[in-house]
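Everything on this sheet refers to the single structure shown next.
The values are calculated or read from the model by the stated rules, or taken from the named source; none is laboratory data. Model, not experiment: these values are computed from the prediction. Glycine also receives a Cβ, built like all others from the backbone with ideal geometry; neighbour counts cover every protein chain displayed. Remember, those area values only see protein heavy atoms, side chains included, never the ligands or the DNA or RNA. Shrake-Rupley method; radii C 1.70, N 1.55, O 1.52, S 1.80 Å.
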Amino acid sequence: MRNSMAESNLRIITDLKIFMQQICDDSTQRKKYAIGERAFCRQRILCFKTTVLLILNALKRSLSIEIYEFFDNLPQKNNCSKQAFSKQRRKLKPEFFQDWNSVLVDSFYRHNKGEYRRWKGLRIWTIDGSSVALPDTEILRNKYGQTTNQRGNGDPVARICVLYDVLNEIAIRGLLHPYTVAEETVVPDILEGQDTSDTLILFDRGYPSYWSMHQLIEKGPFFLMRAACNANNVVKSFLAGEQDDIIVEMRPPYSSLVKLNEMGVNISKEKTIRLRLVKFVLDSGQVEVLITNLYDAALYRVEDMKHPYNMRWGIETYYGYIKQELQLGQFSGLAPVCIEQDFAANLFLFNLQSLVEKQCITFVESIGKKRKHQYKINKNISWASLKHLVVKLFLAKEPILILDELQKLFCDYLEPVRPGRKYPREKKRTPNSKHYTLTNYKRAI
């Protein structure tokens, strides 16, 4: 018997298929995602839908092998050369995958209203940045920048910024931007157009600034930010005092006035923002300071604040999945458009895996009741299962059958959860070869 999440997923997949079909059928809408006036106008083997699904199919190996296996799974049994695919994909804007992901996210919240996970009635989102190494080409160096080392310039690198629902494991939106762009300056862009009325957004200590908190307060979302102990005089004074929960009025420093002015926001230097500061002692003995606009001390007590901030670690785990298991840095093309397509498609594929995993919760919990440990889905193997069926999911007349098959495959590979395990963080090393063996898992795709 199918559970409610499977029925919800079917409605989400139906919404995604409808969006795709609308683009394919309407030339006006298709032009929005096409590069060139005549792109995807003729009936070809690599039509708009086929090109999208091929990119979505996690192309991590030789293109020739990936293309052969892709078409071998289609009823028509067509084929094309890797040169033809490389030429055709350059006609597709990466924005399609971003908008398709937005359809998925909106559908998830709409079809699971009242059922998806919250904290005190709030969705818990977090924003954080990372970086990804790019293929060494002059075009990518010029567009995204590069690292520097003692020998001069290093490899091309891009910054990543992702808005992530940590309770429901859904990547809301992701942006790829130049390496020299500071993480906090991307926040307005990634939040643009998002409904944050019932949302608490978590930030690490690199984000607190007057201008960013001013904009968040003006636009409506709740936020919770970790502050460095020497962030400003307000934080220093709070740390030196005996109170662990205070409300303060903060005036803008000159740098924030300049930044807001560049954004078209003109305020007086006397303009203050109301902030709540709380502090508590961690298990390590270190004192942590959090800044928030959750002013209600009765509803959001000091002891409550530690829990949601600890949830922020979920986005670090997310980056681990997409970088290591989904192999984000193993791009299927060298042009900037290919890099952006792969990045956006990776976010979308991660969300599909998360949806199917939610179908398995009831079964996984029942297994945990019978055994010593609780269990969870082996994500690394689930990527391999999804890779070979994701295309059928959007081509099948009855996608519920594909969802059932994926659910069974996911449930066949479980691993125990052993709480309390802690390992020292190892220093990163630079591999001396393109392919190298990691100690904790083997590649599944």
Any residue in region 334-348 that's within 16 Å of residue 104 (Cα to Cα): show its pairings with residues that are aliphatic (A, V, I, L, M) and open to solvent by less than 10 Å² (accessible area, probe 1.4 Å) at Cβ separation under 6 Å, as long as the two are six or more apart or on different chains.
345/55; 345/56; 346/322; 346/326; 346/328; 347/171
Please list, ordered by first then second residue, the pairs with beta carbon atoms under 8 Å, 6 or more apart or interchain, first in region 208-219 and more than 18 Å from residue 289 (Cβ to Cβ) and open to solvent by less than 30 Å² (accessible area, probe 1.4 Å), second assigned to a helix (DSSP H, G or I) and among the charged types (D, E, K, R).
211/259
Regarding region 66-73, can at least one residue be identified that is aliphatic (A, V, I, L, M), at negative phi and part of a loop (DSSP other than H, G, I, E, B)?
no
Go through region 64-79 and count every residue that is buried (at least 18 other Cβ atoms within 10 Å of the Cβ) and over 17 Å from residue 393 (Cβ atoms).
2
Among the listed residues 46, 54, identify the single one that is crowded, with 17+ Cβ neighbours inside 10 Å, aliphatic (A, V, I, L, M) and either over 21 Å from residue 345 (Cα atoms) or under 26 Å from the mean Cα position of the chain (by Cα) (or both).
54
Total residues in region 354-366, condition touching a residue at least 40 places away in the same chain (Cβ under 8 Å) and open to solvent by 20 Å² or more (accessible area, probe 1.4 Å)
5
Hey, residue 341 on the phi > 0 side of the Ramachandran plot, modelled with pLDDT of 90 or more and not hydroxyl-bearing (Ser, Thr, Tyr) or not:
no
Can you tell me which residue is nearest to residue 117 (Cα to Cα) among those in region 310-353 that are surrounded by fewer than 21 Cβ atoms within 10 Å (Cβ to Cβ) and of a type in the set (Gly, Ala, Ser)?
314
Somewhere in region 229-246, is a residue part of a loop (DSSP other than H, G, I, E, B), of a type in the set (Ser, Thr, Tyr) and either open to solvent by 50 Å² or more (accessible area, probe 1.4 Å) or under 30 Å from residue 174 (Cα atoms) (or both)?
no
Filtered residues of region 417-443 (kept if at pLDDT 80 or above and within 25 Å of the chain's Cα centre (by Cα)):
417
Kindly establish whether residue 127 is more than 26 Å from the chain's Cα centre (by Cα), open to solvent by less than 10 Å² (accessible area, probe 1.4 Å) and among the β-branched types (Val, Ile, Thr).
no
Within region 96-124, can you find the residues that are more than 20 Å from residue 356 (Cβ to Cβ) and either open to solvent by less than 60 Å² (accessible area, probe 1.4 Å) or in contact with a Phe, Trp or Tyr (Cβ under 6 Å, 6 or more places away or on another chain) (or both)?
96, 99, 119, 121, 122, 123, 124
